[in-house]
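The values are calculated or read from the model by the stated rules, or taken from the named source; none is laboratory data. Because the structure is a prediction, the values reported are computed rather than measured. Cβ sites come from the backbone with ideal geometry, for glycine too, and all protein chains shown count toward neighbours.
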Amino acid sequence: MPLRFFANRLTDLVIVLFGVSLVVFLMIRLIPGDAVAIMLGANTEVTPDRIAELRGRLGLDQPLWTQYGTWIWGALQGNFGTSIWTGRPVAEEIAAHIWPTLELTLLSVLVGAGLSVPLGCFMAVARGKGSEVAVRVGAIAGLTIPSFWLGIVSIFAVSKLLPGFSALGYVPFTQDPLGNLQRMILPVIALSLPMLANLSRLVRSAMLDALGQDYIRTARAKGASKTRLVYKHALRNALIPFITSVGVSAGYLLGGAIVIEQVFAIPGLGRLVLGAIAERNYPLVQATILVMTSAFVIVNFLVDMLYVVIDPRVAKQ
């Protein structure tokens, strides 16, 4: 990988992360409500002096640029402050809830991206046939069905058809692998279906374009098999737009996981951040949103690096 290309992308990553942190910091400050008043709200001995004392201890009496500098410096060291309600470090709260979200997102990406390639290739090869039209209509339907609605319907359907099937909650994989995977099936299907539908249509379009190129005709004239034409020659050139969409879709899945976690009672970052917003738990909201948005940016940075592996010509552009 050319060093200059890597350095340019790394510089872009740092600039974007800085912008993300600044936006998150300022947006949280604009949320209605006083964090200090909420912290002391249950205390019958609340006085202006106590509010001022706590505000000073939290640094909320400092100018915004000072608050930002203190917060971002602590974040770089893994210190996001203390949760208002539990009194625990915010980093511990996030660490306790991040694994269910990571597992749900990773499995959804694997299912959505993994199945979209053969499905898209099938639609390209079988273009115009009845089976291809049926699959394409199904893909369009997959884009229009909301994930939360599909999740709710699947819960009701499974409860009727398979009463003993555990569809709600979460069990760590290390404690009960089978129970973990059983509870992940429906959330993964609900979350990955829109991604699968979108990517399969993208692969179909890219494959149709690739199959019409001169090098495919040359390979076909030389006697290359249909499988070799599709999966070796055409697919390689169709992967760059596919990988771009996978990176973007993976970031959006983190946002979709918030809703799915509520539907299936999964104790992940989604439920954590919604609870923190309802409680005006500013340190926790701030840190959780920063982690999720930073993950989106980093995933897209890794996608840029993967471009060069697939097609080294990208680094020369």
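Checked against (1) within 21 Å of Pro267 (Cβ to Cβ); (2) loosely packed, with under 13 Cβ neighbours inside 10 Å, Ala157 passes all but condition (1).
Take the residues in segment 234-275 that are among the aliphatic types (A, V, I, L, M) and more than 19 Å from the chain's Cα centre (by Cα), then tell me which one is farthest from Ala113 (Cα to Cα). The extreme case among them is Ala234. Restricting the first member to segment 173-186 and to residues that are surrounded by 16 or more Cβ atoms within 10 Å (Cβ to Cβ), and the second to residues that are among the small types (Gly, Ala, Ser) and at pLDDT 85 or above, the beta-carbon pairs closer than 7 Å and six or more apart or on different chains are Leu186/Gly151; Leu186/Ser154.
Scanning segment 49-83 for residues that are of a type in the set (Lys, Arg) and within 25 Å of the chain's Cα centre (by Cα) yields nothing. Looking only at segment 68-103, residues that are without any contact (Cβ under 8 Å) to a residue 12 or more places away in the chain and over 30 Å from Pro187 (Cα atoms) come to 7 in all. For Val153, the requirement of being hydrophobic (A, V, I, L, M, F, W, C), assigned to a loop (DSSP other than H, G, I, E, B) and free of Cβ contacts under 8 Å to residues at least 24 places away in the same chain is not met.
Residue check: Ile243 meets all listed conditions (1) in contact with a Gly (Cβ under 8 Å, 6 or more places away or on another chain); (2) modelled with pLDDT under 80 but one, namely (1). For the condition modelled with pLDDT of 80 or more and loosely packed, with under 14 Cβ neighbours inside 10 Å, what is the one hit in Val23, Val16? It is Val23. Of the residues making up segment 126-139, at least one is out of contact with any strand residue (DSSP E or B) (no Cβ under 6 Å at 6 or more places or on another chain), touching a residue at least 60 places away in the same chain (Cβ under 8 Å) and over 29 Å from Gly251 (Cα atoms).
Residues in segment 61-118 that are of a type in the set (Phe, Trp, Tyr) and in a helix (DSSP H, G or I) were compared, and the one that is surrounded by the most Cβ atoms within 10 Å (Cβ to Cβ) is Trp71. Mind listing just one residue for me: the one in segment 32-60 that is part of a loop (DSSP other than H, G, I, E, B) and exposed (fewer than 12 other Cβ atoms within 10 Å of the Cβ) and, of those, modelled with the highest pLDDT? It comes out as Thr47.
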